[in-house]
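What follows is calculated from the coordinates using simple rules that are stated; it is not laboratory data. What you are looking at is a predicted structure, and each value in this text was computed from that prediction instead of being measured. Cβ sites come from the backbone with ideal geometry, for glycine too, and all protein chains shown count toward neighbours.
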């Protein structure tokens, strides 16, 4: 099964890009821009990023509603990627929404990888002040959550089929080779 990957921070060393910090639903992944581009080209979805017309990674404003990400420039040093004058050093990314008893709870990841559940009222306030930078947006007075899939069934089915075929081939070879031993 393919894990979801959500872009959270861009890693920088001074003005030099080192890579990206991604959330996979359970933990943190660090990948270079090349690794992310290669993954996107093979059909894997990296939420928050797309390959632009110039061939470079860009924020996915249409599909995942990404308006900003944080630059992680040093230990404990975070700043906005798009707002140079911004004073915020943390951002929230919405990765899902659940409804229980008529109330919505939004699953969020902070730029420091803190997992949290946020109520609908809190989410609206965070969206209004720009704290939520990806995964959700306000449309009128309603919150629209970007669709997040955690598996790619089409390619995984092919991989599982290939593994099964390979195992069957190996099993047949073992039987053939064992038959030769006992003859």
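Going by how many other beta carbons lie within 10 Å of each one, how would you line up 66, 42, fewest first?
Fewest to most other Cβ atoms nearby, the residues stand as 42, 66.
Just rank 33, 100, 119, fewest to most, by other beta-carbon atoms within 10 angstrom.
Ordered from fewest to most neighbouring Cβ atoms within 10 Å, 33, 100, 119 come out as 100, 119, 33.
If you average the sequence gap of Cα pairs under 8 Å that are 6 or more apart and divide by the length of region 1-135, what percent do you get for the contact order?
19
Rounded, prolate or oblate: pick one for region 5-145, where a ≥ b ≥ c are the square roots of the eigenvalues of its C-alpha gyration tensor, a/c under 1.5 means rounded, and failing that, prolate if a/b is larger than b/c, else oblate.
prolate
Just rank 59, 49, fewest to most, by other beta-carbon atoms within 10 angstrom.
The order, fewest Cβ neighbours first, is 59, 49.
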